[in-house]
Every structure is written in structure tokens, then in C-alpha cells.
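One structure is given here, and the rest of the page talks about it.
Throughout, read-outs are computed from the coordinates displayed, never taken from laboratory work. As the structure is a computational prediction, the values presented were derived from the model and not from experiment. Quick reminder, even Gly has a Cβ in these numbers, built from the backbone with ideal geometry, and neighbours come from all protein chains shown.
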Amino acid sequence: MNLTNSAVDISLFSFPITREDIFGNRNPLVLEIGFGEGEFLIDAAQCDRSRNYLGLEIKGGRFRKAVRAAEKLSLENLRFVHVEAEIALRQVFREKMFDLVLVNFPDPWPKKKHSKHRMFNREFIGCLAKVLMGSGRAVIKTDQLSYIKQIVSEFERSGLFRPAYPSPGFIEARTGETETKFEKHFREASQKIFSAIFLNLP
């Protein structure tokens, strides 16, 4: 695939990559892990030009669709990377690089035998803490009540973050100006959506 301005080929950089390498400035940087078809990041980048937005996606079809959509808008503050998230957090990005990390509707792997594939475990949360600024935040949304409870538990056990919300550590998400395709679908189906915010401990 020919890379365009919205797609970042990380093989062209020396690791670790900095925000200046990607955007040429030090504006606040938001990372979305698993951006799907990119609609959330594209909307956010259009609404707030003072921030830079970077998305990671492992699925090639979704990645290419997002890049095509972004290219039509020529957004200088938006870039996409086709890479597995944990590899990127461990090896690619500079420490303390991101102000905010978003994970919207991660795969819940609802069957018990598949639960080991869930994204949020001790190792992954450690990677998040490494790449977030000292005052950084991680924001997670899901429609699965059992999953958000497990996510809160994993973050609390890590000792690296504290929940922004009081017990049980999450809230029912309110309607926002910018929503993902999944979020719109769930709301139209009258499904509850849960949101948790975790503050990186300095």
C-alpha cells in the first residue's frame, strides 16, 4: 500500500519515536488504540485543531478505510499507524509521550475460555503507564458491565493508576459530541455504555 500523509510508516524512524517525529510539534497528543474505521479520531481532529491525534489499528481493512477518509480532509493533526498496540507501546514510542489514551469498545472476549485474550492485563497496563505523561489519563468505554468491572480491578491492582470516579470506579457514559460507530449503534439499541477514567500516578 502506498502510504499517504495520514499513514505513518514506523519503519522509516529510529526508535523510540517522538511526537515531533510524527507531527513536527509538541502539541498535546491523544492516542486511540484500536480506532476501527477512524470515525471517532477524524471527528475529534476536526473539532480540536490544538491537539494532535494518533491512532493504532491492527486490522488492515479498517486501517486503509480510515486513511482514505482522513486524506479527503487533509488533517494536519491526525495520523494512523498499522501496528499491534502492545508492540507499539513497548518498543516504538518514547516514554511519557501521550497526554491521553483512549480505548473505545475493546473486544470483550465474553467466553470464559477466551478471557486470556482480553487487552487489559498487568503487562498492558504497565505499557500504558510508561507512555503516558505523569498527569496523563487513560479513558476506556465498553458496553460490557462485567468487562468494565474487570478493567477497574486490573488498573487498581497495578498500583500505577487511580480511578477518577469513586467506587465502583466507572459510570454510565453520557452522550458526547463525538461518538464511535459502535457507541452510536449501542445507544440506538438502548444498550448501556460504561466509561472509566484512570489517572497515571507520577
remark   = Of the residues in the stretch 148-174 that are surrounded by 15 or more Cβ atoms within 10 Å (Cβ to Cβ) and in contact (Cβ under 8 Å) with a residue 40 or more places away in the chain, the one that is nearest to residue 194 (Cα to Cα) is 148
ask   = Of the residues 72, 65, which single one is within 27 Å of residue 143 (Cα to Cα) and of a type in the set (Lys, Arg)?
value = 65
key: Test for residue 51: is it in contact with a strand residue (DSSP E or B) (Cβ under 6 Å, 6 or more places away or on another chain) and either of a type in the set (Phe, Trp, Tyr) or closer than 22 Å to residue 195 by Cβ (or both)   = yes
query = In the stretch 18-37, which residues are closer than 18 Å to residue 73 by Cβ and assigned to a helix (DSSP H, G or I)?
reply = 22, 23
